[in-house]
Amino acid sequence: VEPPAGAGPLAGCTVTISAGGTREALDPVRFLGNRSSGKQGAALAAAALAAGAHVRFLAAHMDVQPPAGVELVRVESALELREAALQAAAGSDVVIMAAAVADFRPAEVSHTKIKKSDGEDAPVVRLVRNPDILHELVERRNADSGKQLIVGFAAETGDEHGNVLEHAAAKLKRKGCDLLVVNHVGVGRVFGQDENSVVILSGHGVEPQSASGSKSDVAAAVIDRIGDELSRVFP
Ligand code: CTP
Ligand code: CA
């Protein structure tokens, strides 16, 4: 439910939110994709609207509909999302990168459908790195007035190099964003599920904060925290 115009903790704020998973074309009918459902991003948009924000919603592939009331931009690939994000971020008070952005895309995109020709070896798909949109947003923000709060999301598993929180703390530093919302993922966890459990890490020395429950509960906690962080970082 949207508050009356001018009410709510994010009243007067423009919030850009990316959501869903990018799709990287191989040919006109095939792509490389990921399992992001877009549910958490949609819940964030709903929570930001409920807090009184104007929401620019950058939707990559989603299994759910974006909430009504957002300024909607549909994108397909990481490169398209980059364009849309840089444009939407200009004039936004908050940018939340909840989209699952493909780290790599096929080096070549065939403009015609790739055919299997009998007797030939299976094709090898060469990949190239996609730009790091979040990092680029942070660099632009820092080069400009700096009055913008940038929030990243990270899905982490522990591995032989460290546990989930260690990886997340390193990522927060590397990305240079203000907040990093960390999901613990694993087989059967998080992707497409309705429940979520996250830790919110701050780049401004505030203690990590946990939030769990439905994706709407988590979204409300993240939006709440963004409101607090805004008043702390830009009093
Ligand atoms: N992200 C981005 N551009 C990319 C990749 C990721 O903007 N090319 C953003 C995501 O939207 C998310 C954050 O960066 O907000 C962290 O994404 P993640 O995949 O966890 O980070 P990576 O730097 O890609 O690290 P990893 O190698 O662990 O995948
Ligand atoms: Ca990644």
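The values are calculated or read from the model by the stated rules, or taken from the named source; none is laboratory data. Owing to the predicted nature of the structure, the values given are computational and were not obtained by experimental measurement. For neighbour counting, all protein chains shown are included, and Cβ atoms are generated from backbone atoms with ideal geometry for every residue, glycine included. For the accessible areas, the whole protein counts, side chains as well, though only heavy atoms, and no ligand, DNA or RNA atoms are used. Shrake-Rupley method; radii C 1.70, N 1.55, O 1.52, S 1.80 Å.
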Which one is nearest to the chain's Cα centre (by Cα) among residues in the stretch 105-123 that are open to solvent by 100 Å² or more (accessible area, probe 1.4 Å) and of a type outside the set (D, E, K, R)? HIS111
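Go over the candidates SER92, SER36 one by one and state the one that is closer than 21 Å to ASN130 by Cβ and either buried (at least 23 other Cβ atoms within 10 Å of the Cβ) or within 11 Å of the chain's Cα centre (by Cα) (or both).
SER36
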Looking at (1) open to solvent by less than 70 Å² (accessible area, probe 1.4 Å); (2) in contact with a strand residue (DSSP E or B) (Cβ under 8 Å, 6 or more places away or on another chain), can you tell me which one GLY146 breaks? (2)
Within the stretch 133-143, identify whether any single residue is over 14 Å from the mean Cα position of the chain (by Cα) and in a loop (DSSP other than H, G, I, E, B), and answer yes or no. no
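Conditions tested, residue by residue: (1) among the acidic types (Asp, Glu); (2) more than 22 Å from THR22 (Cα to Cα); (3) without any contact (Cβ under 8 Å) to a residue 40 or more places away in the chain.
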residue: GLY146; (1), (2), (3): no, yes, yes
residue: GLU166; (1), (2), (3): yes, yes, yes
residue: ILE200; (1), (2), (3): no, yes, yes
residue: GLY213; (1), (2), (3): no, yes, yes
residue: ASP224; (1), (2), (3): yes, yes, no
residue: PHE234; (1), (2), (3): no, yes, no
Select from the stretch 78-127 the residues that are of a type in the set (Val, Ile, Thr) and either in contact with a Cys (Cβ under 6 Å, 6 or more places away or on another chain) or away from ligand 1 (no atom under 12 Å from the Cβ) (or both) and list them in ascending order. VAL94, VAL109, THR112, ILE114, VAL124, VAL125
Criterion first (of a type in the set (Val, Ile, Thr), outside any strand (DSSP E or B) and open to solvent by 30 Å² or more (accessible area, probe 1.4 Å)) does VAL199 satisfy it? no
Give the residue, chosen from LEU79, LEU165, LEU180, LEU127, that is open to solvent by less than 30 Å² (accessible area, probe 1.4 Å) and aliphatic (A, V, I, L, M). LEU180
